[in-house]
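> Here you go, one structure.
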Amino acid sequence: MTFVTKLSFASGDRDVLAETVQELKTTIERKGAECKGPHATPTETVRVPLYKQLRAGDEFSPWSYSVYKRSMEIHGADDIARDIVGRDFPDSIHVEVEVDQKKPLGHRRD
């Protein structure tokens, strides 16, 4: 059975995110694993209201920032995926990891 490791990255710093994801892809391919991605998703703009006081009507203009997201998959190569996931990523990047088990075609449940 093959394991698929799905990595999701989110950051407010587009340059650091792009550099980190590209470095990971290069490392994965250099070690001989199959890598799909990185795939970009639409940028999300988050708006946060700011208040001068607790009364209604005392507001500053909302603060907004962009969140950039990328995702990639590592097929098989469990040892390489484990090495990649165990890395220290920059503090500005949020990383989520999901592992799926894929069964070959025609596999029957017993």
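The numbers here are math on the coordinates, done by the rules we state, and not lab data. Since we're looking at a predicted model, the values are computed, not measured. Note that we place each Cβ from the backbone using ideal geometry, even for glycine, and neighbour counts take in every protein chain shown.
> Cross-link candidates for residue 6: which aspartates and glutamates have Cα within less than 19 Å, leaving aside residues fewer than 8 places away along the same chain?
19, 23, 29, 34, 73, 78, 79, 83, 88, 96, 98, 100
> How far apart, in nm, are two points set 7 Å out from the Cα along the Cα-to-Cβ line at residue 18 and at residue 2?
3.1 nm
> Tell me the relative contact order for the chain as a rounded percent, counting alpha carbon contacts under 8 Å between residues six or more apart.
Details: 179 pairs, mean separation 50.7, N = 110.
Relative contact order of the chain: 46 percent.
> Nearest 10 degrees is fine. How inclined is helix 14-30 to the longest principal axis of the chain, computing both from alpha carbons?
That helix lies at roughly 0 degrees to the long axis.
> So how long is each side of the chain along the principal axes, counting just the alpha-carbon atoms, biggest first, in Å?
On the principal axes, the chain reaches 63, 36, 22 Å in Cα extent.
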